[in-house]
1. Filter segment 1-43 for residues that are among the basic types (K, R) and either at pLDDT below 95 or outside any strand (DSSP E or B) (or both); which is surrounded by the most Cβ atoms within 10 Å (Cβ to Cβ)?
2. What tally of residues in segment 76-97 results from selecting those that are surrounded by 22 or more Cβ atoms within 10 Å (Cβ to Cβ) and under 20 Å from R23 (Cβ atoms)?
3. Given the criteria closer than 25 Å to R23 by Cβ, at pLDDT 80 or above and open to solvent by 30 Å² or more (accessible area, probe 1.4 Å), does V150 qualify?
4. What number of residues within segment 109-132 satisfy the criterion of being open to solvent by less than 50 Å² (accessible area, probe 1.4 Å), at pLDDT 75 or above and not polar (S, T, N, Q)?
5. Pull out all pairs, ordered by first then second residue, where Cβ-Cβ is under 9 Å, the residues are six or more apart or on different chains, the first lies in segment 15-41 and is closer than 17 Å to M78 by Cβ and among the acidic types (D, E), and the second is surrounded by fewer than 16 Cβ atoms within 10 Å (Cβ to Cβ) and at pLDDT below 95.
Amino acid sequence: MKIIQSTIRYYPALGGVEEYVKRISEGLRGYGHQVCVYTSNLAQHTDRLVKLGSSDTKGVRVVRSYAFPIKLRHYPIMPFMPFEILKEKADIIHGHCFMSFPMDVASILSWLKHIPFIFNPYFTEYCNLSFLGKLYRKTLGAFAMAAKVVI
């Protein structure tokens, strides 16, 4: 089975979500699945981390996209990521982090391509009930919450 993981940051970036995505990606690879992680080149929300492009870590293909310097309340944008994911033929798309560009791209593309979508929200303080938070939940957030599985 071919599985796409879509997340803001990935190893060697440090953090709970980063470690979790790394572990499940390597675990799925251990079961014989093809796993490709689409992520940014960020260490944190603003710091550059690694070279762009594709790499292979323990059998997991990692595709890093440039994070556009304009950020909307901790929402870094990777403008080339949607085009990279569109090229892939996957059986499942797994998006991580509510209110994040990689997850929004993953949820919309899974809907457009009729591929099952799995979603890990990891709600944070950025998901408050402000006007923008409420607007997001009714628009882009609705795609995520319509996933086949929400973990």
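1. This residue is R9.
2. 5
3. Taking the combined requirement at face value, the residue satisfies it.
4. Of the residues in segment 109-132, 6 are open to solvent by less than 50 Å² (accessible area, probe 1.4 Å), at pLDDT 75 or above and not polar (S, T, N, Q).
5. Close Cβ pairs satisfying both conditions: E18/P12.
The values are calculated or read from the model by the stated rules, or taken from the named source; none is laboratory data. Nothing here was measured: the structure is a model prediction, and the numbers come from that model. So basically every Cβ, Gly included, is an ideal-geometry build from the backbone, and we count neighbours across all protein chains shown. Just so you know, the surface numbers come from the protein's heavy atoms only, side chains and all, with ligands and any DNA or RNA stripped out. Shrake-Rupley method; radii C 1.70, N 1.55, O 1.52, S 1.80 Å.
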